[in-house]
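One structure is given here, and the rest of the page talks about it.
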Amino acid sequence: MYATLLFLHSIFRWFVVCAIAYAVLRAARGYFLKKEFTNLDNGVRHWTATIAHLQLVIGIFLYIKSPIIHYFFSSFKHAFFDLNVSFFGVYHALSMFIAILVITIGSAKAKRKKTDLEKFQTMLWWFGIAFIVILIAIPWPFSIFPNRPYLRFF
């Protein structure tokens, strides 16, 4: 089950990255060009948040099943100072949870704004901040933090 969750989490990250990048670009375009907030824009807002939440659920199950996390909690005194272990035990999980929280708040706020410009501006700021946090917290192959390949297979 762990290998399957790891694979799904690895694949699904690309959906999250693409969805939020697209949402930020649409929000920037709409805000700076003073476009109308269409049903497509609202769908992008909604589906970006939904995709992020699905990734969070997969991530929570992966966190529960991960041998790295089991080691982290069983040897907390030593593991906390090992960046390869503590990154996944604390920093990655906390950063991603915060990013999903920011996306959720931003989506809810944008949905309730009155004008199109306010909706785009809200999406741009909240989703943009979450996007930066996500890009920092992903263990990219080139990362100065612990790194992983672009795709994890079984």
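Summary table
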quantity: Any hit, region 111-121, residues being polar (S, T, N, Q), closer than 23 Å to ASN147 by Cβ, open to solvent by 30 Å² or more (accessible area, probe 1.4 Å) and assigned to a loop (DSSP other than H, G, I, E, B); calculated: no
quantity: Candidates ALA19, ALA3, filtered to the one that is hydrophobic (A, V, I, L, M, F, W, C) and under 13 Å from the mean Cα position of the chain (by Cα); calculated: ALA19
quantity: Which listed residue, of PHE81, PHE73, is over 13 Å from the mean Cα position of the chain (by Cα) and either over 22 Å from LEU6 (Cα atoms) or not hydrophobic (A, V, I, L, M, F, W, C) (or both); calculated: PHE81
quantity: Among residues of region 53-80, those that are in a helix (DSSP H, G or I), in contact (Cβ under 8 Å) with a residue 60 or more places away in the chain and open to solvent by less than 70 Å² (accessible area, probe 1.4 Å), counted; calculated: 1
quantity: Total residues in region 13-39, condition open to solvent by 30 Å² or more (accessible area, probe 1.4 Å), more than 13 Å from ILE134 (Cα to Cα) and out of contact with any Lys or Arg (no Cβ under 8 Å at 6 or more places or on another chain); calculated: 10
quantity: Filter result for PHE88 (in contact with a Gly (Cβ under 6 Å, 6 or more places away or on another chain), aromatic (Phe, Trp, Tyr) and within 18 Å of PRO146 (Cβ to Cβ)); calculated: no
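The values are calculated or read from the model by the stated rules, or taken from the named source; none is laboratory data. Computed from a prediction, not measured in an experiment: that's the story for all the values here. A quick note on method: Cβ atoms are made from the backbone with ideal geometry, for glycine too, and the neighbour counts reach across all protein chains shown. Protein only, heavy atoms only, side chains kept; ligands, DNA and RNA dropped before computing areas. Shrake-Rupley method; radii C 1.70, N 1.55, O 1.52, S 1.80 Å.
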